[in-house]
Amino acid sequence: MKNKTITFIAIITLSFSVWKLHAQNNILIPERYKHYIDNFNYYDNELYREYIPNDQSWAFLSTSIPLFDCPDKQMEKTYYFRWWTYRKHIKKTESGFVITEFLPDVPWAGKYNTISCPAGHHFYEGRWLKNNIYLNDYAKFWFREAEHIFDYSFWAADALYNYYLSTHDKSLLKKLLPDLVRYYESREKNQLDSNGLFWQVDGRDGMEESVCGSGYRATINSYMYGDAIAISKIALMTGDHKLANRFLQKATALKKIIQDKLWDSNDTFFKVLPREQDQSLCDAKELHGYTPWYFNIPDSSYSVAWKYIMSPSYFYAPFGLTTVEQYNAGFNISYEGHECQWRGPSWPFASAITLTAMANLLNNYSQGYVSKNDYLKLLKDYSNAQQITSENGEVRPWIDENLNPYTGDWISRTRLKSWENNTWSAEKGGVERGKDYNHSTFCDLIITGLVGLRPQEEGVVINPLLPENSWTYFCLDNLSYHGKTLTVLYDKTGNQYHRGTGLMVFVDGKLAGKSQNLNRIKIKKI
């Protein structure tokens, strides 16, 4: 314990030194947000203390995360809540740091209680921490030590490449390139069929008991496309043009097959194709049909699929997007059988993928099916759903597994409480199985979606998805990017932050870009 404490103090001291170096340029004052962390700690029953326990959480977070300020205090609170929960899952092991999904040990996890299913989300979210040691160790763990990386689908190379886009440190990618190629080729050997499509069991997508079941799914095929594109880009960094071209060709071929074989032209949606011979596409639209846009796969004509997202007949519900269209015969919100069923309940894992995909659509496509107003509404719904009402009627921040999209009840938590003798089965993970569940993103959706920081290999693009005439201000401050400290703020009147009016980008405290309205800003060099 003494060595662990010394290591933690050393890392916090280093983080504080970096923070202090830039403190004179800060617009937001960290202490103004400490009350959120104090509140989370006060109500928390901390049964599992990992590397950064509650009593050290503010010391860590105040120097490690980008600060966020906005007029929607529920969304602001959720932002800090999700960083507070993320740091609970930073685990120090004899192999270095890893990121966990569950706080208690669960029998379906591998070494150090790690699970590959949410690992892509872990990299997308954690890339905004100031200290890179956590994700650097985690990446090396998956590709140099973990034997259970194939247990679940995992957009591995894409996640690491997008991590690089925030840090601009090529060294990790170059070291792991051979491992990423081996990972991809192992998937090809074991899961690629002669029709050119990858297959997956729905449960191994983390999507148990789904309506359309196993087969050739938009999930695994999109992940493999994203990985092929990422490997091609990483290979170019090393000067290996032959490898880069080989994986670019794989991606190009897979894109065509996804659009040719998984697209239902009559129903205008990407669907599951059963693996058995002479089968047709599943009749149901499932939310994971939006996964291809997470990787910018579809051509523009396929954007018509997004006409269903805001419809209460299809995916929209008051407490979150449903995992299958609501009028399909297989749709069901069940409190019987398996405690997690992708037959209707809202799922943070899926909501995060869909919102990232939607942000890509709004940034990279010309279409008329969804708008910035829709993105903000869905993000607000997602934020508002991350709460629970205690037995004494108090409403507290909460993130768990699956949600009743009509009532906001966390289904698996209600289910697990009802197990025989009113005990929580150890085989199912125990009392904290879904509590502070680290299986999705939220902060990254604020940073890259709503605030609109779009990472680039060189420079940066700021394109907020906040509609005009919605908020009068916001600020994302003290964000590490390419070795610099960025601030993105919008102040309609100039009275909130006293730096002028409009949208502004500061790099190490110096104004680097400005727009009078919420218009796109491109900075060519940071």
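Values quoted throughout were computed directly from the atomic coordinates according to the rules given, and no laboratory measurement underlies them. A quick note: this is a predicted structure, and the numbers were derived from the prediction, not measured. Glycine also receives a Cβ, built like all others from the backbone with ideal geometry; neighbour counts cover every protein chain displayed.
Summary of computed values
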| item | result |
| --- | --- |
| Stokes-Einstein D (µm²/s) once Rh is taken as the Kirkwood radius of segment 190-305 over alpha-carbon pairs, at 25 °C in 0.890 mPa s | 168 |
| Residue-averaged [θ]222 nm for the chain, counting only DSSP H segments that reach four residues, each worth -39500 (n - 2.57) | -11500 deg cm²/dmol |
| The chain: radius of gyration and largest Cα-Cα distance (Dmax), Å | 22.1, 66 |
| Pairwise label distance in nanometres, D278 with T414, each label 7 Å out on the Cα-Cβ vector | 4.4 |
| Estimated FRET transfer efficiency when R0 is 22 angstrom, pair N39-E391 (beta carbons, to 0.05) | 0.75 |
| Segment 301-390: projected area of the alpha-carbon convex hull, averaged over directions, in nm² | 6.7 |
| Per-q log10 I(q)/I(0), segment 323-454, q = 0.14, 0.16, 0.22 Å⁻¹ (Debye; single scatterer per alpha-carbon; no solvent) | -0.71, -0.89, -1.36 |
| Net lengthening on full extension, K73/D55 (0.36 nm per residue, minus Cα-Cα) | 4.1 nm |
| Geometric extent, Cα atoms of segment 90-166 - Rg, Dmax (angstrom) | 11.5, 34 |
| Rounded to whole Hz, the Karplus (6.51, -1.76, 1.60) HN-Hα couplings of segment 63-76, x for glycine and proline | 10, 10, 10, x, 7, 9, 9, 7, x, 8, 6, 5, 5, 4 |
| Amide hydrogen neighbours beyond the local backbone of Y481, cut-off 5 Å, H modeled | L486 |
| Isolated Cys in the chain, by beta carbon distance under 4.7 Å | C70, C117, C340, C443, C475 |
| Stretch gain in nm, segment K175-I29, where the contour uses 0.36 nm per residue and the Cα spacing is subtracted | 48.7 nm |
| Segment S366-N266, extension gain: residue separation times 0.36 nm, minus the distance between their alpha carbons | 33.8 nm |
| Near-label residues of segment 363-394 by backbone N, under 20 Å of a point 7 Å along Cα→Cβ of N519 | 363-367, 372-373 |
| Gyration tensor verdict on segment 112-253 (Cα atoms; rounded if a/c is under 1.5, prolate if a/b is larger than b/c, oblate otherwise) | oblate |
| The chain, relative contact order in percent, only Cα pairs under 8 angstrom and at least six apart counted | 15 |
